[in-house]
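Just dropping this structure here.
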Amino acid sequence: MEATRILENQERSESRRYPRFELDVDVTVYSQTAGLVPGRTVEMSEQGVSVILPVHLPVGEIVELHIQLPQGRVNVCAAVRNRNVFRHGMEFQSKAERDAMREPRTF
């Protein structure tokens, strides 16, 4: 059973452009639809992050993430690309992409 899961993870990671790494740290999501949402990261890559949140965010929404890394807090923008129950896959966005995809917000 364990060998099968390891093989499946290896096959999945080989098909990805960027390797993923386990990361379990606090994150705060600033969402236009849900407001401030606390959560935890699961995995991170150069391209994005998966997080567990207590609410469902709509796929396509652009959010601001404040990720509490051991070296300090990192603030990034990301698009919600997929959701499986409470696990959200988010793709990091450049400032130009973010500005083109959303309207100004206030919190």
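I'd like the full set of residues that are modelled with pLDDT of 95 or more and over 12 Å from the mean Cα position of the chain (by Cα), limited to the stretch 66-102.
Residue satisfying the conditions is N84 alone.
If you don't mind, there's one more thing I want to ask. Does V63 qualify as being in a strand (DSSP E or B), over 17 Å from Y18 (Cβ atoms), modelled with pLDDT of 95 or more and within 13 Å of the chain's Cα centre (by Cα)? Lay out the reasoning, then the answer.
Values: in a strand (DSSP E or B): yes; over 17 Å from Y18 (Cβ atoms): yes; modelled with pLDDT of 95 or more: yes; within 13 Å of the chain's Cα centre (by Cα): yes.
Yes: the conditions hold for V63.
Let me ask something additional. Tell me which of these R105 doesn't satisfy, since it passes every other one: (1) surrounded by 13 or more Cβ atoms within 10 Å (Cβ to Cβ); (2) modelled with pLDDT under 90.
(1)
In the stretch 29-41, what count of residues is obtained for those that are in a strand (DSSP E or B) and under 17 Å from A79 (Cβ atoms)?
Matching residues across the stretch 29-41 total 6.
Enumerate the pairs (first residue in the stretch 51-65 and on the phi < 0 side of the Ramachandran plot and crowded, with 18+ Cβ neighbours inside 10 Å; second residue anywhere and in a loop (DSSP other than H, G, I, E, B) and not aromatic (F, W, Y)) with beta-carbon separation below 7 Å, excluding pairs fewer than 6 apart on the same chain, so at least 6 apart or on different chains.
L57/T33; L57/A34; E61/Q32; E61/T33; I62/R102; V63/L57
What number of residues within the stretch 27-45 satisfy the criterion of being exposed (fewer than 14 other Cβ atoms within 10 Å of the Cβ) and in contact (Cβ under 8 Å) with a residue 40 or more places away in the chain?
The total comes to 2.
The values are calculated or read from the model by the stated rules, or taken from the named source; none is laboratory data. For clarity, every value in this text was computed on a predicted model and none was experimentally measured. Cβ sites come from the backbone with ideal geometry, for glycine too, and all protein chains shown count toward neighbours.
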